[in-house]
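Report on one structure; see the data block that follows.
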Amino acid sequence: MQPLIIDLSGKKVVIAGGGRIAARKASVIQHEKPDITFIAPEFSEEVLELSLENGYTLIQRKADPADFEQAMLVILATNDRSANAALASSLPPNQLVCVVDESGLGNVTFPATVRRGHLQVAVTSNGSSPKLTRKLKRELDEQFDASWEPYTAFLASCRTLIKDLPISFDEKQEQLWELLEDRYRTDTQAQITKLKQLELYRADP
Ligand SMILES: C[C@@]1(CC(=O)O)C2=NC(=C\c3[nH]c(c(CCC(=O)O)c3CC(=O)O)Cc3[nH]c(c(CC(=O)O)c3CCC(=O)O)/C=C3\N/C(=C\2)[C@@H](CCC(=O)O)[C@]3(C)CC(=O)O)/[C@H]1CCC(=O)O
Ligand SMILES: NC(=O)c1ccc[n+]([C@@H]2O[C@H](COP(=O)([O-])OP(=O)(O)OC[C@H]3O[C@@H](n4cnc5c(N)ncnc54)[C@H](O)[C@@H]3O)[C@@H](O)[C@H]2O)c1
């Protein structure tokens with residue numbers, strides 16, 4: 001299995017099921033602003049709240065293979081294993097499909113992710129142990145403290161500035177490597193000074 005980073009903004013996501021897991025999958029991706037449709041005979045409070053908040057579509061009945069035709073991503077999250085399996089086998093091979101109770105029937109799984117600004121660390125056990133995945137996520141959550149959020153913004157700003165400097169490729173690489181020294185992450189003043197330095201140099205090389 002190959003990890004890919006996927007842009008779901010404005011993309012159609014159809015979720016079969018309206019329970020706890022359907023809600024969790026939707027809340028994991030909601031920040032990407034996808035266009036989500038839930039199809040289920042019954043919806044949990046969490047799904048109703050998420051839908052009201054984000055304008056998602058709710059269709060109250062059992063899911064049918066035709067429901068997924070326009071979907072970029074399909075999430076099969078009913079609590080009926082045979083319904084999930086039958087829907088999975090009805091889908092064309094070029095659609096992204098996550099089957100929450102039997103990952104081998106689909107072609108994508110969700111990793112656990114720790115987000116700090118522009119940085120995202122994702123963990124997967126390829127479905128072999130979701131519990132291990134959660135344990136490692138907790139460890140990463142502690143390892144990457146809050147300083148990483150402004151630091152990744154600092155790195156992005158510096159990179160934009162450095163790319164525009166009238167210096168050689170090798171000098172740019174040197175500048176970019178230097179930013180990875182830990183003092184820039186831990187010391188806000190060092191970040192401010194560096195940014196000022198780069199701005200001044202850009203204005204007057
Ligand atoms: C990482 C995370 C992402 C997310 O969903 O956002 C995720 N599961 C999470 C939570 C979680 N999973 C489970 C529980 C309940 C009990 C417990 O505490 O263990 C909880 C907690 C809860 O529900 O609260 C159990 C479980 N999980 C799966 C099965 C079915 C099966 O495999 O048979 C069973 C039941 C059998 C069992 O117990 O093993 C299947 C999958 N779960 C995956 C992802 C995919 C592979 C991930 C990997 O690479 O390992 C995969 C294959 C498909 C998919 O769903 O994409 C998220 C972390 C949340 C976080 O902390 O951020
Ligand atoms: N992937 C994971 O991380 C993970 C974690 C725990 C459990 N699970 C599995 O996920 C499944 C769902 O769990 P849950 O807690 O959300 O269950 P739940 O009981 O809270 O919700 C089930 C939902 O499925 C709907 N449903 C049933 N048959 C349907 C059909 N034919 N078409 C459309 N919707 C239908 C119900 O109306 C309900 O909305 C369970 O089978 C469990 O094995 C997955």
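Among Glu142, Glu69, sorting on how many other beta-carbon atoms sit within 10 Å of each Cβ, with the fewest leading, yields Glu142, Glu69. What separates the Cα centres of the stretch 102-180 and the stretch 30-72 is a distance of 30 Å.
Taking the Cα centre of the stretch 1-110 as reference, the dipole from Cβ charges on Lys and Arg (+1) and Asp and Glu (-1) amounts to some 160 debye. Pairs of Lys residues in the chain that lie 8 or more places apart, or on two chains, and have C-alpha atoms under 22 angstrom apart add up to 15. Between Phe144, Val47, Ser90, whose Cα lies farthest towards the positive end of the dipole of the chain when Lys and Arg beta carbons carry +1 and Asp and Glu beta carbons carry -1, centred on the Cα centre? Comparing the listed Cα positions along the dipole, Ser90 ranks first. Among Ala63, Ala153, Ala112, determine the one that fluctuates most according to a GNM of the chain built with springs between C-alpha atoms less than 10 Å apart. Maximum among the listed residues: Ala153. Solvent-free Debye calculation, one equal scatterer per alpha-carbon of the stretch 53-188: log10 I(q)/I(0) at 0.09, 0.10, 0.14 Å⁻¹ equals -0.50, -0.59, -0.85. Here the contact order of the stretch 1-110, divided by its residue count and restricted to Cα pairs under 8 Å and six or more residues apart, works out to 26 percent. Placing +1 on each Lys and Arg Cβ and -1 on each Asp and Glu Cβ, with no other charges, gives the chain a dipole about its Cα centre of roughly 280 debye.
Between His31 and Glu49, full extension at 0.36 nm per residue minus the direct alpha carbon distance yields a gain of 5.0 nm.
Rg and Dmax over the alpha-carbon atoms of the stretch 148-203 stand at 10.7, 30 Å.
All of the numbers you see were taken from the coordinates with simple rules; none came from a lab. This one's a predicted model, so the numbers in the text were calculated from it and none came from an experiment. When we count neighbours, we look across all protein chains shown, and the Cβ atoms used for this are built from the backbone with ideal geometry, even at glycine.
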